[in-house]
Amino acid sequence: MINPFFNNCGPFKIFNIFDASIDCPFSFENSSNDNDIIHDVKNLNEATSRDITFFHSIKYKDLAINTNARACITKKEFFHLLPDECIKISCDNILLLTAIITAKFYPDSITDNNNYDLLNINEKFKRIISGKNTLVANNVIIGKNTKIGHNTLIENNVKIGNDCFIGSNVILRNAIIEDNVHILDGAIVGKKGFGFIPINLKNHRYPHIGYVHIKKNSEIGCGSTIDRGSLSVTTIGENTYLDNQVHIAHNVKIGNNCIIAGQVGIAGSSILGNNVMIGGQAGISGHLKIGNNVQIGGGSGVIKDIPDNSKVMGYPAKDFKKFIREGR
């Protein structure tokens, strides 16, 4: 699939990717040659025989075993988990090397520069009902009966479905929005995530080449922020409602029919099932899996996976009945 929001500067020969300019120690463990061409950077489960990927945590060993990637950046102790035909590249700082490689393919994804090539919405969309000073960029698609408020920015290649409501002072970029979605005042969708690698007393920015996909009949509350994915897609499921001032970090995937109350924060790469309910000011750590029909009490701190049909509360979050018995 062609990236709809960022230009891929590849393909590259693998030895042109891993050249002398890389300031991060690495080594090739098995054979490669000048005929090995890498077309893209993708996650373990999405990579094809044309792509490079990375494997930095044993938590993803099942994905590593089944990956189709042509090459993988990882630790030596993980080599045995990768397919024999995968070119293995060892590195102590896997995320740093992956960030450097990703930036070679997508140099315009590291920072979010302002888009100055904007037009008043009424110059491009004669039949859209919109407020004053709402601007749109190139290749924007807006469906029928969608209404947009004042001072809203819709940037390159954003797609908005039919019967949507986009409030005032909203910023939409790197986003695909399905039918009948409401995005309320002050929301920001599709900005880069909070991704960086501390190295030598500096912070190396991680490119974010993904986007945000908001599925139909959902609502995003005032002042909420949804970051685009780093290598994948941040997803909000159908009929899912976010209250005001909710933060959804990069690569998060939220299922259908979820209700998330105000000031909830969900850290990067966590996955929520269907029918999840989260009370106000709760926090969910990154890379967790929250099952279907889970209820999380307000103010809770979730630091481990939660199975289907659970009801938890507290910090760290525990079974609700146990929380009540203990009185805390």
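The values are calculated or read from the model by the stated rules, or taken from the named source; none is laboratory data. Quantities reported herein were computed from a predicted structural model and do not represent experimental measurements. For neighbour counting, all protein chains shown are included, and Cβ atoms are generated from backbone atoms with ideal geometry for every residue, glycine included. Please note that ligands, DNA and RNA were not included when accessible areas were found on the heavy atoms of the full protein model with its side chains. Shrake-Rupley method; radii C 1.70, N 1.55, O 1.52, S 1.80 Å.
Would you say ILE87 is open to solvent by less than 60 Å² (accessible area, probe 1.4 Å), at pLDDT below 90 and either basic (Lys, Arg) or over 30 Å from THR146 (Cβ atoms) (or both)? In short, no. If you go through segment 194-205 one residue at a time, do you hit one that is under 27 Å from GLU46 (Cα atoms), buried (at least 22 other Cβ atoms within 10 Å of the Cβ) and under 18 Å from the mean Cα position of the chain (by Cα)? Within segment 194-205, none of the residues are under 27 Å from GLU46 (Cα atoms), buried (at least 22 other Cβ atoms within 10 Å of the Cβ) and under 18 Å from the mean Cα position of the chain (by Cα). Taken over segment 26-38, the criterion of being in contact with a Ser or Thr (Cβ under 9 Å, 6 or more places away or on another chain) and either part of a loop (DSSP other than H, G, I, E, B) or over 15 Å from SER90 (Cα atoms) (or both) is satisfied by PHE26, GLU29.
Tell me the residue from LYS304, LYS321, LYS289, LYS311 that is at pLDDT below 95 and open to solvent by 70 Å² or more (accessible area, probe 1.4 Å), please. Walk me through it before giving the result.
Working: LYS304 fails: at pLDDT below 95; LYS289 fails: at pLDDT below 95; LYS311 fails: at pLDDT below 95.
From the options LYS304, LYS321, LYS289, LYS311, the qualifying one is LYS321.
Cβ-Cβ distances below 8 Å connect the following pairs, each with a first residue in segment 88-101 that is closer than 19 Å to ASN16 by Cβ and of a type in the set (A, V, I, L, M, F, W, C), a second residue that is assigned to a helix (DSSP H, G or I) and open to solvent by less than 10 Å² (accessible area, probe 1.4 Å), and a separation of six or more residues or different chains: ILE89/LEU97; CYS91/LEU97; ILE101/ILE17. Inside segment 85-139, residues that are under 15 Å from ILE209 (Cβ atoms) and basic (Lys, Arg) make up a count of 1. Residue count for segment 149-188 under the criterion of being open to solvent by 10 Å² or more (accessible area, probe 1.4 Å) and β-branched (Val, Ile, Thr): the result is 3. Where strands (runs of 3 or more DSSP E) fall entirely within segment 39-126, those with at least 3 residues that are in contact with a Lys or Arg (Cβ under 7 Å, 6 or more places away or on another chain) are at 51-55. Does at least one position in segment 121-140 carry a residue that is of a type in the set (Gly, Ala, Ser) and open to solvent by less than 30 Å² (accessible area, probe 1.4 Å)? Yes - at least one qualifying residue is present in segment 121-140.
Evaluating PHE165 against the criteria (1) modelled with pLDDT of 95 or more; (2) farther than 18 Å from GLY143 by Cβ; (3) touching a His at 6+ places or on another chain (Cβ under 8 Å); (4) not β-branched (Val, Ile, Thr) leaves one unmet condition, (2). Among the residues of segment 90-105, those identified as among the small types (Gly, Ala, Ser) and either farther than 16 Å from ASN43 by Cα or open to solvent by 20 Å² or more (accessible area, probe 1.4 Å) (or both) are SER90, ALA103.
Okay, residues lined up against (1) outside any strand (DSSP E or B); (2) surrounded by 20 or more Cβ atoms within 10 Å (Cβ to Cβ):
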site: GLY190; (1), (2): no, yes
site: ILE209; (1), (2): yes, yes
site: VAL212; (1), (2): no, yes
site: ASN217; (1), (2): yes, no
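Among residues of segment 122-145 that are within 20 Å of ASP185 (Cβ to Cβ) and of a type in the set (S, T, N, Q), those with a Cβ under 6 angstrom from a residue that is open to solvent by less than 30 Å² (accessible area, probe 1.4 Å) and modelled with pLDDT of 90 or more, sequence gap 6+ or separate chain, pair up as SER130/ILE121; SER130/ILE148; THR134/ILE121; THR134/ILE148; THR134/THR152.
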